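Scroll down for the structure; my scribbles are underneath it.
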Amino acid sequence: MSTQDLNLVQRCVAQESGAWDEFVRRTRSAIYRGATVALRKFRVSDKESIENAYQQVYVELLRDGGKVLRTYRGESELEGWVSVIAMRTAYRLMRQRGPEAALPELLPAAPTPAPGENAEQSEFLNRLDAAFRRLDAREAALLRLSYYEQMSYKEIAAALGMPLNSVSPLLIRAKEKLKKYLE
């Protein structure tokens with residue numbers, strides 16, 4: 001537990017002079033990192049989207065008189081806490097975009113393991129990405145909307161313009177096809 005972090009947040013909530021500047025200085029890299037990681041899952045890496053998510057985190061923290069900021073209890077490191085908020089904010093921003101005509105791919109290419117990521121995991125992600133590329137657009141969209149964006153069948157049907165009773169059988173077939181491609 002970090003009493004220093006909790007003290008800083010309490011000073012921000014009280015709108016103490018200089019507290020917000022210190023908060024931004026201390027959290028900017030964690031927020032940027034969290035937003036970047038989340039957007040990478042949507043294959044979004046342009047500076048504008050990252051900057052938009054980055055700024056939106058601060059808006060979320062201050063909205064309604066600092067409602068989100070007030071939830072920090074000091075039970076975890078401040079940087080980790082804001083990083084999670086940044087990821088959730090970026091995910092929400094991407095879900096609000098809604099499905100596009102050409103949905104972004106599910107997984108980023110991973111030619112080399114990221115720091116802390118072992119080669120076996122990287123190899124599996126590359127195989128999964130390649131299998132996804134072999135699916136037709138509708139199958140990939142069904143899987144992405146169902147598992148990645150966690151939409152209900154009703155939401156998927158509306159997003160893809162298909163009858164509700166078609167979602168489940170098509171999703172089952174898409175999963176079977178993906179499994180076959182992974183074998």
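Some values worked out for this structure:
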{"read-out": "Qualifying positions in the stretch 1-46 - under 22 Å from the mean Cα position of the chain (by Cα) and surrounded by fewer than 15 Cβ atoms within 10 Å (Cβ to Cβ)", "value": "V24, S29, V37, R43, S45, D46"}
{"read-out": "From the options G74, G80, residue that is at pLDDT below 85 and assigned by TED's automatic domain parsing to the domain that holds R28", "value": "G74"}
{"read-out": "Residue tally, condition of a type in the set (A, V, I, L, M, F, W, C) and buried (at least 18 other Cβ atoms within 10 Å of the Cβ), over the stretch 47-63", "value": "4"}
{"read-out": "Candidate set from the stretch 148-183 (those that are polar (S, T, N, Q) and more than 22 Å from the chain's Cα centre (by Cα)); member that is farthest from A131 (Cα to Cα)", "value": "N165"}
{"read-out": "The lone exception for V24 - which of (1) within 14 Å of L78 (Cα to Cα); (2) touching a Gly at 6+ places or on another chain (Cβ under 7 Å) it fails", "value": "(2)"}
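Okay, residues lined up against (1) aliphatic (A, V, I, L, M); (2) at pLDDT below 80; (3) surrounded by 12 or more Cβ atoms within 10 Å (Cβ to Cβ); (4) not in a helix (DSSP H, G or I):
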{"residue": "E123", "(1), (2), (3), (4)": "no, yes, yes, no"}
{"residue": "A130", "(1), (2), (3), (4)": "yes, no, yes, no"}
{"residue": "L142", "(1), (2), (3), (4)": "yes, no, yes, no"}
{"residue": "I172", "(1), (2), (3), (4)": "yes, no, no, no"}
{"residue": "K180", "(1), (2), (3), (4)": "no, no, no, no"}
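The values are calculated or read from the model by the stated rules, or taken from the named source; none is laboratory data. If you're wondering where the values come from, they're calculated on a predicted model, not measured in any experiment. As a convention, Cβ positions derive from the backbone with ideal geometry for all residues, glycine included, and neighbour counts pool all protein chains shown.
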